[in-house]
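J.: Sharing a structure with you now.
What follows is calculated from the coordinates using simple rules that are stated; it is not laboratory data. Quick caveat: nothing in here was measured; it's all calculated off a predicted structure. Counting neighbours? That spans all protein chains shown, and the Cβs are built from the backbone with ideal geometry, glycine included.
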Amino acid sequence: MYFLIVLGLAGSGKSTLAGAFKDWLESHQMDSIVVNLDPAVEDLVYVPDVDVRGYVNAWDVMRRYRLGPNGALITSIDLMANHLDKLKESIDRSEANYVIIDTPGQMEVFAFRAVGPLILSSLIADRKAVSLFLIDIHMARQPLSFASSIFLSLSAWLRLRIPQVIVISKTDMYPEEDVEKVLSWADDPFYLLSEIRSMGDPVAPYESFAESLESYLQSTEVVPISSATWSNLDGLYASIQRVLAGGEDYLTEEPSSRL
Ligand SMILES: Nc1nc2c(ncn2[C@@H]2O[C@H](COP(=O)(O)OP(=O)(O)OP(=O)(O)O)[C@@H](O)[C@H]2O)c(=O)[nH]1
Ligand SMILES: [Mg+2]
């Protein structure tokens, strides 16, 4: 059983990819389940096999504790921790090859607070996991947004310590040249830096900015995909396999040792 954790900013295409990748795996005779860990989502584009809303619903929490939307989401994620045994049991019972975990839109409340990593490490236990960090092509094609998104993915990695694949999503929305440009920035962050400088930015970053991006991106694959057209989902699968074969087994450690 392998875990694929789908992460990214609100609206980056996480739920759509979770559903599309499940269908893609099924069309290649691989069984998978999708787990919804978003307690606030109303309409899902897929039918979840395991759904946290059966245990915690952010809208009920909002009414019961008289909280606003953000407070309700944070409280719901804290409450989720009380139901980990049941969630894990449902996942384990499926015996699926791949468990795709769809995470909440406000990734910071899930990926950056201690409870999110705790939830994930409890569900994953000693199995292997890869996180798919989505960056919408609409953001990725802007040099500064691309750079800040890469640093955000690095922050998520730092908190979760699950090996990562960076996924440029919704590539069907822009011409091929735009996608190629983003990939060339990922290949050569000094080229990205030169583009930022050529925009006449008065506080353009220093060389060390490109150096830090370069050392992170050298060890992280960047994969463009479209969930709408299924473009390059086979490439995403190949990247996932390479990461799983790479054997970074951080999650086999006791969760308490890394929180
Ligand atoms: N054209 C296109 N649109 C996409 C693709 N993937 C997602 N979208 C659209 O982008 C919007 C957001 O997609 P979601 O899958 O809901 O994004 P999300 O990251 O789950 O959103 P939150 O859970 O709210 O953070 C929806 O309107 C999707 O239809 C894609 O590959 N191509
Ligand atoms: Mg979603």
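J.: Using only the Cα atoms of the range 97-205, construct the convex hull and provide its projected area averaged over every direction, in square nanometres to one decimal.
T.: For the Cα atoms of the range 97-205, the hull's average projected area reads 8.4 nm².
J.: At what distance in angstrom do the alpha carbon centres of the range 105-127 and the range 203-237 lie from each other?
T.: 23 Å
J.: Can you order the peptides 41-54, 118-131 by their average number of other Cβ atoms within 10 Å per residue, highest first?
T.: By packing density, highest mean first, the sequence is 118-131, 41-54.
J.: What does the C-alpha gyration tensor say about the overall shape of the range 11-118? Classify as rounded when a/c is under 1.5, otherwise prolate if a/b is larger than b/c, or oblate.
T.: It comes out prolate by the Cα gyration axes.
J.: Moving on to the next point. In which sequence would Ser184, Ser169 go, from the one with the fewest C-beta neighbours within 10 Å to the one with the most?
T.: Ascending Cβ contact count within 10 Å gives the list Ser184, Ser169.
J.: Identify, among Ser76, Ser90, Val182, the residue whose Cα sits farthest towards the positive end of the charge dipole of the range 2-248, taking +1 on the Cβ of Lys and Arg and -1 on the Cβ of Asp and Glu, with the dipole about the Cα centre.
T.: Value computed over the given set: Ser76.
J.: Using only Cα atoms, what Kirkwood radius does the range 100-151 have, in angstroms?
T.: On the way: mean 1/r = 0.0782 Å⁻¹.
Final number for the Kirkwood radius of the range 100-151 is 12.8 Å.
J.: Using bins 10 angstrom wide from zero, how does P(r) for the chain break down, in % of all Cα pairs?
T.: 7, 30, 35, 20, 7, 0
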